[in-house]
Amino acid sequence: MNEIRLAVVGVGAFGQNHLRVIKENPRANLAAVVDTDPAKASSAAQAHNCPAFRNVEELTGQVDAAVVATPTSTHAAIACTLLRNGIDVLIEKPIASDTVSAQQILHAAGTDRIVQVGHLERYNSAVLALRKIVTTPLFFEIHRMSAFSARSLDVDVVLDLMIHDIDLVLEMVGQLPNEIRAAGISILSKKVDIANVRLAFATGCVANITASRVSTERIRKMRLFQPGQYVSIDYTRQDGAVFTVSAGQQIGFQTLAVGSKQEPLKLQLDAFLDCLVTRSKPLVGAEEATHTLGVALDILAKIEEHAAIVSNSLG
C-alpha cells in the first residue's frame, strides 16, 4: 500500500484540521469527504479536489480508511458501518458517548480492522518526553482551561477537554482508579462547563484534574510528582522542567529533553498510517479509549451526586 486512500467524515471545525494534515502528508491521498450538510461537503470537496458524499455507505471500495470527526453521539453508528464495510477508522475522542456504544465499535472491529482513537495529547512532544522519565507517579496536578466556544456542546467538559488528561493519567499509572470524587457546574451551556476531579489509585497515586471551557485564558499544564522528582510540562508550548532531589538533598534543575516539536495531529496521522500498513495495534486503540470513557462517565456520575447534595443543602 503506497498512497493510502483516506476519507474525512465530518468537515466541521476539527474536520478541517484533519483535511489539512492529510493533504500535507505524502503517504496519504484524500480520496473523499462526507458530511450530512451538502454545502459543507461540496465546499470541502472543491477546496481539496476530491469527491463529496452524503453518507458513509458510499465510501465502500473508495477508501482504505476514514477519519470520523462528527459529533460524539454519531461516532458509534458511523464507525460501525465503516468497519463492517472493511474500512479502518481513526475516531475523534471520545470514542463514543457511552460504553455500550464503545463496545459496539470494539465488536464491529473484530480482530481484522484498525481502530485508533484521537487522544491527541499522546502525540504532544512534551508528553512523549515526559513518558520516557516517568517511574512511579505519586501525584498529578493538571489544569486544562479554554475560553467558551460553541464547538462540542453536545458533550460535557469532562468528555470534551478533561478526557485528554484522564487518558494520560491512566496510561502513566497503569491502572484504573479505585476512588473518584468530583464536582462540576453548568454556566454557559446545558452541560457541565467546569469540573474538578480527584482520582485515587491503589498504588497511592492521586490525580487532581481541573477542566473548564469558560475560562478567560487558555491553560494547558501538568505537574507530576514522583519519588525524588517533580516535573512540570506545558502542553501548548510543548516544553517542560525537571527538578530532581539528590541523595544529599541537593536540588537539580534541567529542562525536559523534548527535542524537535511537531504538530501532534501530524504525528497522530503518521502513527495511524503506520498501523494501516503494518496492521499493528494503535497507541490508543478502542479498548484503551473505552476504559478512559468509562472513567470519564464515572466522573460525570459523581458530579451528579455532588450536585444533588448541593441542591439538598440549599433547600
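Taking amide H positions as modeled 1.01 Å from N, with prolines and chain starts lacking one, the residues under 5 Å from ASP64 and 5 or more places away or on another chain are ARG5, LEU6.
Surface analysis of the chain yields an accessible area of 46 Å² per residue, using protein heavy atoms and a 1.4 Å probe.
Rg then Dmax, both in Å and based on the Cα atoms of the chain: 20.3, 67.
The lysines within cross-link reach of LYS190, meaning a Cα-to-Cα straight distance under 20 Å and a gap of 8 or more places when in the same chain, are LYS302.
Using the Kirkwood radius over C-alpha pairs as Rh, can you work out the diffusion coefficient of segment 187-228 via Stokes-Einstein at 25 °C, viscosity 0.890 mPa s, in µm² per second?
For the chosen part, D equals 194 µm²/s.
Between segment 22-100 and segment 162-176, the alpha-carbon centres lie 27 Å apart.
Using θ = phi - 60° in the Karplus curve 6.51 cos²θ - 1.76 cosθ + 1.60, the 3J(HN,Hα) couplings for segment 230-244 round to 10, 10, 10, 10, 10, 4, 5, 6, 6, 9, x, 9, 10, 10, 10 Hz; x is entered for Gly and Pro. Each residue, GLU24 and TYR230, gets one label point 7 Å from its Cα in the Cβ direction; the gap between the two is 3.6 nm.
The slack in the chain from SER260 to SER311, taken as 0.36 nm per residue of separation less the alpha-carbon distance, amounts to 13.4 nm. Within straight-line reach of LYS40, meaning a Cα separation under 26 Å, sit the following lysines at least 8 residues removed in sequence or on another chain: LYS23, LYS93, LYS266. Here r is the Cβ-Cβ distance between ILE187 and THR99 and R0 is 25 Å; the resulting FRET efficiency, rounded to 0.05, is 0.40.
Qualifying trypsin sites (Lys or Arg not before Pro) in segment 230-271, where qualification requires a DSSP coil assignment and no more than 13 other C-beta atoms within 10 Å, comprise ARG237, LYS261.
On segment 105-181, 52 percent of the accessible area sits on carbon and sulfur atoms, based on a 1.4 Å probe. On segment 245-284, 56 percent of the accessible area sits on carbon and sulfur atoms, based on a 1.4 Å probe. In this structure, ASP270 and ASN85 have a Cβ-Cβ separation that, at R0 = 22 Å, corresponds to a calculated FRET efficiency of about 0.35.
Sorting the segments 177-183, 303-309, 114-120, 96-102 by their residues' average number of neighbouring beta-carbon atoms within 10 angstrom, most packed first, yields 114-120, 96-102, 177-183, 303-309.
The values are calculated or read from the model by the stated rules, or taken from the named source; none is laboratory data. On a predicted model such as this, the values are computed, not experimentally measured, just so you know. For neighbour counting, all protein chains shown are included, and Cβ atoms are generated from backbone atoms with ideal geometry for every residue, glycine included. Quick note on the areas: whole protein, heavy atoms, side chains included, nothing else; ligands and nucleic acids left out. Shrake-Rupley method; radii C 1.70, N 1.55, O 1.52, S 1.80 Å.
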